[in-house]
1. Within region 66-82, can one find any residue that is surrounded by 14 or more Cβ atoms within 10 Å (Cβ to Cβ), of a type in the set (Gly, Ala, Ser) and under 19 Å from Lys152 (Cβ atoms)?
2. Can you confirm whether region 26-42 contains a residue that is farther than 21 Å from Leu155 by Cα and aromatic (Phe, Trp, Tyr)?
3. Looking at Ser90, Ser139, Ser151, can you tell me which residue is more than 24 Å from Val32 (Cα to Cα) and surrounded by fewer than 21 Cβ atoms within 10 Å (Cβ to Cβ)?
4. Run down Ala61, Ala54 and say which single residue is modelled with pLDDT under 95 and part of a loop (DSSP other than H, G, I, E, B).
5. Considering each of Val91, Val109, Val100 in turn, give the residue that is free of Cβ contacts under 8 Å to residues at least 40 places away in the same chain and under 17 Å from Ala154 (Cβ atoms).
6. What is the number of the single condition among (1) assigned to a loop (DSSP other than H, G, I, E, B); (2) polar (S, T, N, Q); (3) in contact with an Asp or Glu (Cβ under 9 Å, 6 or more places away or on another chain) that Thr98 does not meet?
7. Could you look through region 14-51, keep only residues that are assigned to a loop (DSSP other than H, G, I, E, B), touching a Ser or Thr at 6+ places or on another chain (Cβ under 7 Å) and in contact (Cβ under 8 Å) with a residue 60 or more places away in the chain, and pick out the one that is farthest from Thr181 (Cα to Cα)?
8. If you go through region 219-237, how many residues are under 23 Å from Gly16 (Cα atoms) and loosely packed, with under 13 Cβ neighbours inside 10 Å?
Amino acid sequence: MSRPIALITGVGRSVGIGAAVASRLVTDGWDVVTTGWRQYDERMPWGPDTEPLAMIEADLADPGIPADLVGRIAADHGPIAALVMCHAESVDSSTLDTTVESFDRHFAVNARAVWLLIKAYAEQFAAAPGLGRIVALTSDHTPFNLPYGASKGALDRIVLAAAVELADRGITANVINPGATETGWMDEEIEQSVLRRNLQPRVGTPGDCANLVSFLCSDEGGWVNGQVLFSDGGRLH
């Protein structure tokens, strides 16, 4: 039997959640196609990987990219059975200093692209009913990260709507909030702050999130639908 196809976005860095998800799904028996946007990492403090990952470069701020991307993958590899969205625009700014340009780009990447990817995915979905999977990553980090947090809130609603609207196609749709995950951005002060507010004696790793994505994409995970799931070690608010 042929392996099912999974599209994973946001796989630009080897230490990121997207890369961990891709590796785990390959182990689970999926054929994985990944996308990333190196120019995003180039303008972030951590910078891009020295050796670029094997991925399709895709600027999801362009509204024409999602449908083109899904169409090309389906034509080259077959219908996509799982859509896992790990991509994000995340540039810190507050209520008083966020620019309109930054606000619009966050919503274009984190909300509009999610809708357009889901739409294109559902239109080409051809697996047996009950085997379709949509998973997206969210965050509740909004203070001093206003456009990021606000656009992630919009992402939540888009994915939860898909769970209802695509149910008759046999597609589940869920959101994961992985909490603060160490992907190379934490300094000692941030790590200690995270530890003080967590019930577990460590910070989150990309593999922690990948474990939950793996379950949701499995046959056993098919009963979980329309949920925002916290996989953050038990954070104290």
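The values are calculated or read from the model by the stated rules, or taken from the named source; none is laboratory data. Because the structure is predicted, anything quoted here is derived from the model rather than measured. So basically every Cβ, Gly included, is an ideal-geometry build from the backbone, and we count neighbours across all protein chains shown.
1. no
2. Going residue by residue through region 26-42, those that are farther than 21 Å from Leu155 by Cα are 26-33, 38-39, 41-42.
This time we only want the ones that are aromatic (Phe, Trp, Tyr), so: 30.
Yes: one or more hits.
3. Working: Ser139 fails: surrounded by fewer than 21 Cβ atoms within 10 Å (Cβ to Cβ); Ser151 fails: surrounded by fewer than 21 Cβ atoms within 10 Å (Cβ to Cβ).
Result of the check over Ser90, Ser139, Ser151: Ser90.
4. Details: Ala61 fails: modelled with pLDDT under 95.
Ala54 is the lone residue from the list that is modelled with pLDDT under 95 and part of a loop (DSSP other than H, G, I, E, B).
5. Details: Val91 fails: free of Cβ contacts under 8 Å to residues at least 40 places away in the same chain; Val109 fails: free of Cβ contacts under 8 Å to residues at least 40 places away in the same chain.
None of the others qualify; the one that does is Val100.
6. That leaves (3) as the condition not met.
7. Step one: of region 14-51, the residues assigned to a loop (DSSP other than H, G, I, E, B) are 14-16, 29-30, 37, 43-51.
Add one more test, that the residue is touching a Ser or Thr at 6+ places or on another chain (Cβ under 7 Å), and what stays is 15-16, 49.
Now drop any that are not in contact (Cβ under 8 Å) with a residue 60 or more places away in the chain, which leaves 15-16.
Numbers: Val15: 11, Gly16: 9 Å.
Going through the qualifying residues, I end up with Val15.
8. Looking only at that region, the number is 1.
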